[in-house]
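Reviewing the structure listed below.
The values are calculated or read from the model by the stated rules, or taken from the named source; none is laboratory data. Quick caveat: nothing in here was measured; it's all calculated off a predicted structure. Please note: Cβ atoms are built from the backbone with ideal geometry, for glycine as well, and neighbour counts cover all protein chains shown. These accessible areas exclude ligands, DNA and RNA; they are computed on the full protein's heavy atoms, side chains included. Shrake-Rupley method; radii C 1.70, N 1.55, O 1.52, S 1.80 Å.
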Amino acid sequence: MKMLKSLPVWPLAAPLAGWLFLFGSTFNVGGAYQILLVAGLIGSVLAAVYHAEVVAHRIGEPYGTLVLALAVTLIEVALIVSLMLAGGPETTGLARDTVFAAIMIILNGIVGICLLLGAGRHREQTFGLLGVSASLATLAAIAILTLVLPNYTSSAAGPYYNSSQLIFIAVISLVLYGTFVLVQTVRHRDYFLPKEAVGDEEVHAAPPTPTVAWVSAGALLVCLGAVVLLAKSLAPALETAIAAMGAPKTLVGIVIAAIVLLPEGLAAVRAARANRLQTSLNLALGSALASIGLTIPAVVVVSLATGLTLTLGLDIKSTVLLLLSLMVATLSLGTGRTTVMQGTVHLVIFAVYLFTTIVP
């Protein structure tokens, strides 16, 4: 009982409510019931953020940000795979759209908001260059090899890899991401540690007890399960609404990516406002790497097992925006210091991405 009293009620109640709403949706309820499903989804996401931060605080940096990045990616992979299996040939580009959307949301949306709000509150913020440089280099390599190179290979016509190329690209994605995790957690862990990690009691309060951490870890899994199934339940209504708006189908990938990245985005913004920009960037860039480094191998396995054609290559407009985002991120995060200027530039690129998606 003492253990339960140390945790607020709402992070435990929110995912349970989400599961109850999900169970209620099986009884052919009306369209208005979608509001409850959305409420359950938002509550489960917020609860996931809370429990992930409890676990992260217990195990410390950079393991904490890695846990949240992997948790968010599991949501994304589960959603994409389930929608691909349910949607058939019409969803061949869903993985590409969702992964590309995740990269753009993280590199420009989340990073932009973090830099803008953090600098707006603290004027100028600093972070370690070595860890961020390693993250950006790995992200650029995986993104170009998986999303751009398919347009220029000749073994298969169109923006596709053939079977052997798919296997190869899945393997190198895992190799690059696995090496990054090894560097982040073992060989060069100090590259990713915030400067205030040593002796700053104001930023780092006493960690939760092991029991509380284990309870939050279990609750985190419950939250993630609720998010996956609630989002899947809402997917048909989302696709119908987007079609009614006359918007392109790629908007579905953006919405899915935004939903699954919401826990990580909120955690990153909170860290930036607390003047812990290193932690914020660890969260954002680590999530982008996990998203593409783990999602692509997963959907490759699904494609090879089911015979579905996997569309990976981006169109010219998206390729330009991806290259611009990578270049600007390298420049704006290349000095170890950020102001509102860098945040504004990233958010403008994100606005252009959203606008040209809706109005191509």
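Below are the figures for this structure:
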{"quantity": "So Pro89, is it in contact with a Phe, Trp or Tyr (Cβ under 6 Å, 6 or more places away or on another chain) and closer than 19 Å to Val302 by Cα", "calculated": "no"}
{"quantity": "Selection within region 94-126 - open to solvent by 10 Å² or more (accessible area, probe 1.4 Å) and not in a helix (DSSP H, G or I)", "calculated": "Arg123, Glu124, Thr126"}
{"quantity": "Which listed residue, of Ser287, Ser233, Ser291, is surrounded by fewer than 21 Cβ atoms within 10 Å (Cβ to Cβ) and not acidic (Asp, Glu)", "calculated": "Ser233"}
{"quantity": "Qualifying residue in region 35-46 (condition: touching a Lys or Arg at 6+ places or on another chain (Cβ under 6 Å), at pLDDT 80 or above and open to solvent by 30 Å² or more (accessible area, probe 1.4 Å))", "calculated": "no"}
{"quantity": "One residue from Ala244, Ala298, Ala351 being part of a helix (DSSP H, G or I), out of contact with any helix residue (DSSP H, G or I) (no Cβ under 9 Å at 6 or more places or on another chain) and open to solvent by 10 Å² or more (accessible area, probe 1.4 Å)", "calculated": "Ala244"}
{"quantity": "Failed item in (1) surrounded by fewer than 18 Cβ atoms within 10 Å (Cβ to Cβ); (2) farther than 16 Å from Pro263 by Cβ; (3) at pLDDT 85 or above, with Trp10 passing the rest", "calculated": "(2)"}
{"quantity": "Count of residues meeting criterion [more than 23 Å from Thr98 (Cβ to Cβ) and in contact with a Cys (Cβ under 7 Å, 6 or more places away or on another chain)] in region 48-85", "calculated": "1"}
{"quantity": "Residue list for region 251-284, restricted to those being among the β-branched types (Val, Ile, Thr) and touching a Pro at 6+ places or on another chain (Cβ under 8 Å)", "calculated": "Thr279"}
{"quantity": "Region 154-170, subset in contact (Cβ under 8 Å) with a residue 60 or more places away in the chain and part of a helix (DSSP H, G or I), residue surrounded by the fewest Cβ atoms within 10 Å (Cβ to Cβ)", "calculated": "Ser163"}
{"quantity": "Selection status of Thr153, of a type in the set (S, T, N, Q), at pLDDT 85 or above and within 25 Å of the chain's Cα centre (by Cα)", "calculated": "no"}
{"quantity": "Qualifying residue in region 203-211 (condition: in a loop (DSSP other than H, G, I, E, B), β-branched (Val, Ile, Thr), farther than 20 Å from Tyr50 by Cβ and open to solvent by 40 Å² or more (accessible area, probe 1.4 Å))", "calculated": "no"}
{"quantity": "Test for Val72: is it assigned to a helix (DSSP H, G or I), open to solvent by less than 60 Å² (accessible area, probe 1.4 Å), over 23 Å from Ser325 (Cα atoms) and in contact with a helix residue (DSSP H, G or I) (Cβ under 9 Å, 6 or more places away or on another chain)", "calculated": "no"}
{"quantity": "Residues being more than 23 Å from Ala101 (Cβ to Cβ), among the polar types (S, T, N, Q) and open to solvent by 40 Å² or more (accessible area, probe 1.4 Å) - total across region 127-153", "calculated": "1"}
{"quantity": "Members of region 335-348 that are in a helix (DSSP H, G or I) and farther than 14 Å from Arg123 by Cα", "calculated": "Val345, His346, Leu347, Val348"}
{"quantity": "Inter-residue pairs, beta-carbon under 7 Å, first of a type in the set (Ser, Thr, Tyr) and in region 307-329, second open to solvent by 60 Å² or more (accessible area, probe 1.4 Å) and not in a helix (DSSP H, G or I), 6+ apart", "calculated": "Thr309/Tyr160; Thr311/Tyr160"}
{"quantity": "Boolean, Gly218 is in a helix (DSSP H, G or I), farther than 30 Å from Ile358 by Cβ and modelled with pLDDT of 85 or more", "calculated": "yes"}
